[in-house]
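Here, each number is a calculation from the coordinates, and none is a lab measurement. For clarity, every value in this text was computed on a predicted model and none was experimentally measured. Every residue, glycine among them, receives a Cβ derived from its backbone with ideal geometry; neighbour counts consider all protein chains shown.
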Amino acid sequence: MEVLIRAERAEDLKAIATINEAAFGRVEEANLINQLRHSKAFIPELSLVAENHLEILGHILFTKIKIIDSLNHCHQSLALAPIAVATMHQNQGIGAALINEGLNRAREIGYLSVIVVGHETYYPRFGFTPASQWHITAPFDVPDEAFMAVELVENGLKHVSGMVVYAKEFEAV
Ligand SMILES: CC(C)(COP(=O)(O)OP(=O)(O)OC[C@H]1O[C@@H](n2cnc3c(N)ncnc32)[C@H](O)[C@@H]1OP(=O)(O)O)[C@@H](O)C(=O)NCCC(=O)NCCS
């Protein structure tokens with residue numbers, strides 16, 4: 001399906017919440033997005049919607065994270081979370097369009113890498129591989145293959161290792 005990927009606008013917020021609630025079958029992700037919008041981790045250009053004939057069919061959010069290494073050096077990166085597509089429109093390439101456009105926009109504004117917690121059968125097609133490859137760890141228990149990273153530019157994670165620190169709003173989810 002043809003979709004336009006664009007940054008969210010104030011009038012989209014209700015639809016974004018509705019899609020997330022339906023896709024996840026609970027309110028936590030919709031609430032998380034609303035809280036992150038008011039946090040320092042929020043990047044307005046990286047809260048993207050997929051639109052078709054003026055209808056919002058999907059949403060993706062990238063927020064600022066830090067990766068803190070053993071010497072306490074802090075590396076900037078992004079978390080991809082959450083992503084949701086309207087249940088009636090899943091498996092039509094909308095999620096892929098949101099991820100591809102989101103990664104491109106993140107690269108354009110200067111980010112070097114993205115971290116995701118997700119399905120090991122889905123994210124590798126966008127270049128994600130286990131973050132353990134760079135000795136990047138999660139602040140929670142997660143299977144190695146589900147905690148993934150992608151370099152947005154060549155060697156974007158070359159000198160990066162350590163533990164990911166998410167915006168505190170994620171702790172509630
Ligand atoms: C995951 C999600 C965003 C993918 O978006 P989408 O538009 O349906 O996906 P696409 O059309 O781009 O890709 C379809 C592929 O994703 C796979 N896929 C969809 N949901 C999946 C899931 N939960 N786990 C693993 N793979 C999944 C499909 O099997 C399909 O695989 P194929 O191409 O090998 O046949 C969407 O299904 C969704 O909103 N799911 C519910 C919320 C969710 O789980 N979000 C992600 C949390 S990590």
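Within the chain, what's the longest run with no GluC sites (Glu not before Pro) in a DSSP loop and at most 16 other beta-carbon atoms within 10 Å? Give the range, please.
Numbers: sites that count: 2, 120, 154.
With GluC sites (Glu not before Pro) excluded where exposed in loops, the chain gives 3-119 as its longest stretch.
Residue by residue through the range 69-79, what is 3J(HN,Hα) from phi via Karplus (6.51 cos²θ - 1.76 cosθ + 1.60, θ = phi - 60°)? Round to whole Hz and write x for glycine and proline.
Those phi angles translate into 8, 5, 9, 6, 6, 10, 10, 7, 8, 10, 9 Hz.
Relative contact order (percent) for the range 4-172, with alpha-carbon contacts under 8 angstrom and 6 or more residues of separation?
Numbers: 315 pairs, mean separation 38.1, N = 169.
It rounds to 23 percent for the range 4-172.
Size of the range 4-172 along its principal axes in angstrom, Cα-based, largest extent first?
So the extents along the principal axes, rounded to whole Å, are 48, 30, 29.
Pull out the extension gain between residue 76 and residue 133, defined as 0.36 nm times the separation in residues minus the alpha carbon to alpha carbon distance; nm, one decimal. Spell out each step's value before the answer.
On the way: separation 57, 0.36 × 57 = 20.52 nm, distance 1.77 nm.
Gain on stretching residue 76 to residue 133: 18.7 nm.
Can you list the residues, at least 5 places off or on another chain, whose amide H is less than 5 Å from the amide H of residue 50, using H built in the peptide plane?
Placed amide hydrogens put 57, 58, 59 under 5 Å from residue 50.
Helix 94-108 versus the longest principal axis of the chain: what is the Cα-based angle in degrees, 0 to 90, to the nearest 10?
Long axis of 94-108 versus the principal axis of the chain: about 50 degrees.
Student exercise: in the range 4-172, how many lysine pairs 8 or more apart or on different chains have Cα atoms under 17 Å apart?
For the range 4-172, the number of qualifying lysine pairs is 6.
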